[in-house]
Ligand SMILES: Cc1cc2nc3c(=O)[nH]c(=O)nc-3n(C[C@H](O)[C@H](O)[C@H](O)COP(=O)(O)O)c2cc1C
């Protein structure tokens, strides 16, 4: 069955490793017949959440920037894949900022059910990715109809574009998309 899949690439780096994997995932998902869109945060204006909570009564954010358009896509997607570099054993700051800014979705109907993470890091320990995954789990826990279903990790990948040299990880990212 064809699903509406949104892949959000959060690295701002040129030739980003996590984005290379996100694109492999996109390729797999398209080949599986899904309706897929990849959104990069590069060049996007994304302000920090100011915590006013006006969104919980008004239904929309007081800040005016590029989040509104991304939020609409998040709301309508059935599957969301977040791709991030590991920064200090966590998700990227821009990804966390986006998750915070999606707070207007908390009290409304949303379509997303299956959430996945793709992450790359210089180190290659299982623990390298734990906090980032748990961080995303914290967000998912607040959306009761959604479930965090898995992660593709690219450890030992540091220089820009290095992901292309890791055929095993590229294959895992492709398979993630293919098997959504
Ligand atoms: C600010 C910053 C913090 C980083 N922190 C870590 C870290 O804690 N552990 C690690 O293994 N790699 C760390 N890295 C390396 C990146 O995770 C790695 O280069 C990754 O492949 C970048 O993905 P990207 O090309 O998609 O941005 C850090 C890189 C930056 C710029």
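Values quoted throughout were computed directly from the atomic coordinates according to the rules given, and no laboratory measurement underlies them. Just so we're clear, the structure is a prediction, and the values are computed from it rather than from any experiment. Counting neighbours? That spans all protein chains shown, and the Cβs are built from the backbone with ideal geometry, glycine included.
Observations on the structure shown:
- Taking Cα atoms only, the orientation of helix 167-178 departs from the longest principal axis of the chain by about 40 degrees.
- Averaging 1/r across all pairs of distinct Cα atoms in the chain and inverting the result yields a Kirkwood radius of 16.3 Å.
- Proportion of all alpha-carbon pairs of segment 128-177 beyond 13 Å (%): 64
- Residue 68 versus residue 15: modelled label distance in nm, points set 7 Å from Cα along the beta carbon direction: 3.8
- For the chain, the relative contact order comes to 31 percent (Cα pairs under 8 Å, sequence separation of at least 6).
- GNM flexibility winner over the chain from 74, 164, 108 (Cα, springs under 10 Å): 108
- Kirkwood-type hydrodynamic radius, segment 80-180: 14.3 Å, calculated from all non-identical alpha-carbon pairs.
- Three-way shape call for segment 97-154 based on the alpha-carbon gyration tensor, with the a/c threshold at 1.5: prolate
- Our summary gives segment 64-138 a relative contact order of 43 percent, counting only alpha carbon pairs under 8 angstrom and 6 or more residues apart.
- Prolate/oblate/rounded call for segment 30-75, Cα gyration tensor, a/c under 1.5 rounded: oblate
- Each label was represented as a point 7 Å from its Cα along the Cα-to-Cβ direction; for residue 31 and residue 127 these points are 3.7 nm apart.
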